[in-house]
Amino acid sequence: MALSIMHLFSKVKVGSAMIELNTLNLKVNHGIEGDINAEPISPRQVLIVRYEDIANLSIQPGELRENIVVKGIEIDKFLPGSLLHFESGAAIRLTFYCEPCKRIAHLVESLKSIQGKRGILGVVIKSGQIKVGSNFQVEANKFPALSENPYQRFLNFIIKIPSGKVVTYKQIIKGIGVDNSYLRAIPIYLKKTSTDDYPLHRILDSKGYLITYVSQQKIKLETEGVQVLAKANLLSNLNKNFIEIKDYLWEDITLYLE
């Protein structure tokens, strides 16, 4: 059976409904043109589901907030790490499973029943236009699958931050492919991670301030050539140290392309 695209959807802004389209423009280092989830460093630019899975669950196309519905692909090839090649030359790397959440709970008897069938997230690694009815090919095990555990993805992300560069909480959220609710989890991740094994001193809060979870952060950053500035805190009479993010921000748009 030929592998084909059954439906295409895009979401243009927060809270809006999915819009069904006949074509999608995929852009490397971006995602889907015009889609709210387009983000250069994200491993979740695209959500793809199998038509066979949603049909079996009596779920209508688009209800899982997916971008692409495909038909004909065997379950043993529809896996994180697989590569989808489209007729236009566009290609998507599948990264990790989309976890069932309460936003789709009304569609199924239990979230457990849709585990593994919610779809797989992916990254555009070659640009091109895809359209409903066109065929594609799948290359299984082309890439290593990303961990299903957000904390492990956090570790894999921060270990790559180079000397002399920094990231913010918001960059981490984007880079590990979780929603903004995970901002509250970052301090927990920091507390249980060894500063001997990971460069935690290169992490700033979302406004660019140094964090309280890393000892000697200022000294470590200055040793790497990062200029640490001070801003008076009128409430505590102490200075708050911060970094000019635009000068030192690390943003590797090739992170998931290889």
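Taking every protein chain into account, the 1.4 Å probe leaves Tyr151 with about 40 Å² of accessible area, to the nearest ten. Here the dipole of the chain is about 640 debye; that uses its Cα centre as origin and unit charges on the Cβ of Lys and Arg (positive) and Asp and Glu (negative).
Candidates Gly225, Phe154, Gly133 compared by Cα position along the dipole of the stretch 125-248: farthest toward the positive end lies Gly133, with charges placed on Cβ.
Would you work out the charge dipole size for the stretch 76-147 about its Cα centre, treating the Cβ of every Lys and Arg as +1 and the Cβ of every Asp and Glu as -1, and quote it to the nearest 20 debye? Don't skip to the answer; put the middle values down first.
Working: 10 positive and 5 negative charges, 35 e Å.
Charge dipole, the stretch 76-147, about its Cα centre: 160 debye, nearest 20.
In the stretch 34-166, a dipole from Cβ-located charges (positive for Lys and Arg, negative for Asp and Glu) runs towards its positive end, and of Leu111, Gly81, Val166 it is Val166 whose Cα lies farthest in that direction.
In the list (1) 0.94; (2) 1.03; (3) 1.06, the label attached to Rg/Rh (Cα atoms, Kirkwood Rh) as derived from the coordinates here is (2).
Could you rank Tyr209, Tyr198 by how accessible they are, 1.4 Å probe, largest area first? Don't jump to the answer; show the numbers that get you there.
Details: Tyr209 35, Tyr198 55 Å².
From most exposed to least exposed: Tyr198, Tyr209.
The accessible area of Lys174, taken with all protein chains in place and a 1.4 Å probe, comes to roughly 80 Å². Each label point was placed 7 Å from the Cα along the Cα-to-Cβ direction; for Glu20 and Lys192 their separation is 4.3 nm.
Based on the Cβ-Cβ distance of Asn56 and Gln152, what FRET efficiency does E = 1/(1 + (r/R0)^6) give at R0 = 41 Å, to the nearest 0.05?
Details: r = 30 Å, r/R0 = 0.74.
Step by step, r from the Cβ atoms, then E = 0.85.
Per-peptide packing, taken as the mean over residues of other Cβ atoms within 10 Å, places 249-255, 216-222 in the sequence 216-222, 249-255 from highest down. Excluding same-chain neighbours fewer than eight residues apart, the aspartates and glutamates reachable from Lys170 by a Cα-Cα span under 14 Å are Glu39, Asp179, Asp205, Glu251.
Would you calculate a helix-derived [θ] at 222 nm for the chain, using -39,500 (n - 2.57) for each DSSP H run of n ≥ 4 and dividing by the full residue count, to the nearest 500?
Working: 6 runs with 40 residues, N = 258.
One gets -4000 deg cm²/dmol as the mean residue ellipticity at 222 nm.
Beta-bridge orientation, the stretch 1-99: approximately 80 percent antiparallel, per DSSP, counting only bridges with both partners inside.
If you take the beta carbon distance between Ala185 and Glu222 as r and set R0 to 30 Å, what does 1/(1 + (r/R0)^6) give as a FRET efficiency, to the nearest 0.05?
Numbers: r = 29 Å, r/R0 = 0.95.
My answer for the efficiency is 0.55.
Selection among Met6, Ile68, Ile36 by position relative to the dipole of the stretch 1-75 gives Ile36 as farthest towards the positive end (Cβ unit charges, Cα centre).
About the Cα centre of the stretch 125-233, how large is the charge dipole given +1 on each Lys and Arg Cβ and -1 on each Asp and Glu Cβ? Please answer in debye to the nearest 20. Present the calculation step by step, with values, prior to reporting the outcome.
Numbers: 16 positive and 8 negative charges, 58 e Å.
Dipole of the stretch 125-233, to the nearest 20 debye: 280 debye.
By how many nm would the segment from Ser4 to Lys231 lengthen if fully extended, with 0.36 nm per residue of separation less the alpha-carbon distance? Please list the in-between numbers first.
Working: separation 227, 0.36 × 227 = 81.72 nm, distance 5.68 nm.
The span from Ser4 to Lys231 would gain 76.0 nm if fully extended.
Peptides 118-126, 36-44 ordered by packing proxy, namely the average of other Cβ atoms within 10 Å per residue, highest first: 118-126, 36-44.
With a 1.4 Å probe rolled over the protein heavy atoms of all chains, the accessible area of Arg93, Arg103, Arg65 falls in the order Arg103, Arg65, Arg93, largest first.
The values are calculated or read from the model by the stated rules, or taken from the named source; none is laboratory data. Keep in mind that what you see is a predicted model, and the values were worked out from it rather than measured. Positions of Cβ are backbone-derived with ideal geometry, glycine not excepted, and every protein chain shown enters the neighbour counts. Accessible surface is based on the protein model in full, side chains and every heavy atom, while ligands, DNA and RNA are left aside. Shrake-Rupley method; radii C 1.70, N 1.55, O 1.52, S 1.80 Å.
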